[in-house]
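Asker: What follows is a structure written as structure tokens; I'll ask about it next.
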Amino acid sequence: MKIVDLRATTVAVPLEAPLRHANGAHWGRFVRTIVEVETDDGLIGLGEMGGGGEAAETSIRALKPYLVGHDPLQLEQLYWKICNPTASLYNNRAQLHAAIEFACMDLAGKKLGIRACDMLGGALREEVRFASYLFYRYADPKTGLGGEETADQMVAAARKLKREHGFRSHKLKGGVFPPDHDLEVYLALAAEFPEDSFRLDPNAAWSVEESIRIGRAIETVRNDYFEDPCWGLEGMRRVRSFVKIPTATNTVVVNFEQLAACIRLNAIDVILLDTTFWGGLRQAWKATVVCEKFQWGISIHSSGELGIQLATMLHLGAAIPNLTFAADAHYHHLTDDILKGGKMKYVDGKIAVPTGNGLGVELDRDKLQLYAELFRSTGGYAYDRDPQRPQWFAVVPETRFAEPNECRRGQKKERSQNISGRK
Ligand code: MG
């Protein structure tokens, strides 16, 4: 089996409402590049990469000379061809490699009649647990959804997600409003769902001292972990020495050099592995083996996936023994997917690992066309810009948080009623 061609198509798939975070916002859609790798025996493997447009598509197509004639089963060779770490000073291709590797694992599985998780040693579980992913959202006039700012509004949103999908772990994406506002919202969530577990992630927006103060204030909550309260291995190491909650990161440990430094510093307890950031499913899996030997916690990070990348997260989750936490996914914020059969379903907070060969998902070509057209008409967006605060940009640590004007105590009840009135 040899690769003969590859294609890259940018799509934009709508979200229920724009998602706010410490660096800006997802503007109401996810923009992703769908990669198709074709072989001489007519098979097509699927990959996915964050972002899109001419530059992303050109970067994928530029790999064609590396790939034509390559046997997709030779995954280690693929890594060295594209991701040699000494050449990456000039060509950091981790995310490009990830998209191609997903497609090659899909092809290898289709060829051999096995699943992607079988290439990682086989499945230990057939379902992967997920956490609700709670964002402050801008209101979306098209869907009538979003608008969460206050504790009451966030609790109502979490209640709805739990009812629809069965989540038993909840993640609050903080860092948009001042730390004390996140604290109020987080404690309200913990009080509402006493049987569930929680994680707070302000996207590294806080200073070390603010992180310690808020960390100590949430120590009595049933925490999964305290995720990236501040920036950097040294900052996280200092927070960890003062706060009695396992700390976690998806920001400052995204490769093996950083993992080694993190272990040496004893800086962080739980590593969130992202199949894209780490450069593919196999690289993320290798990191789980290192973490297993050091008895470090593992969780799975979400970088805003459609169904192809979600499938890679499910195959990773299926294969690793030390997945002790619910994984993250933005997936339930999407209104649709580019897969045949539509969006994958959560049942009791879990998604089933696909049973088909390779990644086990099929592209719906009508949907691909529909959302490629949506991208052409709406264009890309910058993750680190906020459409409703065009002059604002993030600094670290952030000391100029959004004014929670609508979060003043007198308005909470009214806003809360508006939300419940829409249900
Ligand atoms: Mg995070």
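The values are calculated or read from the model by the stated rules, or taken from the named source; none is laboratory data. As the structure is a prediction and not an experimental result, all values here were calculated from the model. Virtual Cβ from ideal backbone geometry, glycine too; neighbours counted across all protein chains shown. Surface accessibility is based on the protein's heavy atoms, side chains included, excluding ligands, DNA and RNA. Shrake-Rupley method; radii C 1.70, N 1.55, O 1.52, S 1.80 Å.
Asker: May I ask you to work out the translational diffusion coefficient for the chain at 37 °C, viscosity 0.692 mPa s, via Stokes-Einstein with Rh from the Kirkwood sum over Cα pairs, reported in whole µm²/s?
Answerer: Translational D for this selection: 150 µm²/s.
Asker: Right, another one. Could you pull out every residue, at least 5 positions away or on a different chain, whose amide H is within less than 5 Å of the one on residue 304? Hs are placed 1.01 Å off N in the peptide plane, and Pro or chain starts have none.
Answerer: 330
Asker: Over the chain, what is the percentage of antiparallel beta bridges among all DSSP beta bridges, to the nearest 5?
Answerer: Antiparallel: roughly 55 percent of the beta bridges in the chain.
Asker: Taking amide H positions as placed in the peptide plane 1.01 Å from N, state which residues far from residue 10 in sequence (5 or more) or on other chains have amide H under 5 Å from it.
Answerer: 34, 53
Asker: Anything over 24 Å Cα to Cα? Flag those among 2/81; 64/345; 160/350; 286/367; 110/343; 162/367, in the order listed.
Answerer: Correct reply: 64/345; 286/367; 162/367.
Asker: Calculate the FRET efficiency for residue 362 and residue 241 from the Cβ-Cβ distance with a Förster distance of 45 Å, rounded to the nearest 0.05.
Answerer: Taking R0 as 45 Å, the efficiency between residue 362 and residue 241 is 0.35.
Asker: Here is a follow-up. For the chain, with the dipole built from +1 on Lys and Arg beta-carbon atoms and -1 on Asp and Glu ones, taken about the Cα centre, which of 92, 285, 193 lies farthest toward the positive end?
Answerer: 193
Asker: Okay, moving on. Along region 327-338, what does the Karplus equation 6.51 cos²θ - 1.76 cosθ + 1.60 (θ = phi - 60°) give for ³J(HN,Hα), rounded to whole Hz, x for Gly and Pro?
Answerer: Once θ is set to phi - 60°, the couplings for region 327-338 become 7, 9, 8, 7, 3, 6, 7, 7, 8, 6, 9, 9 Hz.
Asker: Another question, then. Percent of accessible area on region 39-78 owned by carbon and sulfur, 1.4 Å probe?
Answerer: Of the solvent-accessible surface of region 39-78, carbon and sulfur hold 55 percent.
Asker: Now for a separate question. Kindly write out, for region 218-232 in residue order, the coupling ³J(HN,Hα) from the Karplus curve 6.51 cos²θ - 1.76 cosθ + 1.60 (θ = phi - 60°), rounded to whole Hz, with x marking Gly and Pro.
Answerer: 10, 4, 7, 6, 7, 7, 6, 5, 10, 9, 6, x, 10, 8, x
Asker: Express the relative contact order of the chain as a whole percentage, based on alpha carbon pairs under 8 Å and six or more residues apart in sequence.
Answerer: 23
Asker: Long-range amide H contacts for residue 226: which residues qualify at under 5 Å (H placed 1.01 Å from N, peptide plane, sequence gap of 5 or more or a different chain)?
Answerer: Distant-sequence amide H within range of residue 226: 247, 248.
Asker: Using every alpha carbon pair in region 2-95, what percent of pairs falls into each 10 Å bin from 0 up to the bin containing the largest distance?
Answerer: With 10 Å bins starting at 0, P(r) equals 15, 39, 30, 15, 2.
Asker: Going by Cα centres, region 16-72 and region 85-134 are how many Å apart?
Answerer: 14
Asker: Sticking with this structure for a sec: About its Cα centre, how strong a charge dipole does region 316-358 have in debye, to the nearest 20, once Lys and Arg get +1 and Asp and Glu get -1 at the Cβ?
Answerer: 120
Asker: What ³J(HN,Hα) values, in whole Hz, does the Karplus curve 6.51 cos²θ - 1.76 cosθ + 1.60 give for region 64-70 when θ = phi - 60°, with x put for Gly and Pro?
Answerer: 3, x, 6, 9, 4, x, 6
Asker: Tell me, rounded to the nearest percent, the portion of alpha carbon pairs in region 123-359 spaced more than 21 Å apart.
Answerer: It works out to 56 percent of all Cα pairs.
Asker: Report the relative contact order of region 123-359, percent, no decimals, based on alpha-carbon pairs under 8 angstrom and at least 6 residues apart.
Answerer: Once normalised by length, the contact order is 22 percent.
Asker: Highest first, please rank the peptides 302-308, 262-268, 34-40 by the mean number of other Cβ atoms sitting within 10 Å of their residues.
Answerer: Averaged packing, sorted descending, gives the order 302-308, 34-40, 262-268.
Asker: What are the membrane-span-like helices in the chain by this rule: whole DSSP H runs, Cα extent along the axis at least 15 Å, mean Kyte-Doolittle hydropathy at least -0.5?
Answerer: Passing helices, by number: 94-112, 179-192, 281-293, 307-319.
Asker: So for region 65-214, averaging the separation of alpha carbon pairs under 8 Å that are six or more residues apart and normalising by length, what relative contact order in percent results?
Answerer: Worked out over region 65-214, it gives 16 percent.
Asker: Same structure again: Please calculate how many Å² of accessible area the chain carries per residue, with a 1.4 Å probe and no DNA, RNA or ligand atoms counted.
Answerer: I get 40 Å² per residue for this part.
Asker: Points 7 angstrom from Cα along the Cβ direction at residue 293 and residue 220: gap in nanometres?
Answerer: In this crude label model, residue 293 to residue 220 measures out at 4.2 nm.
Asker: Another question, if that's okay. Based on alpha-carbon positions alone, could you give the equivalent ellipsoid semi-axes of region 108-147 from the gyration tensor, as √(5λ), descending, whole Å?
Answerer: The three semi-axes for region 108-147 are 39, 15, 7 Å.
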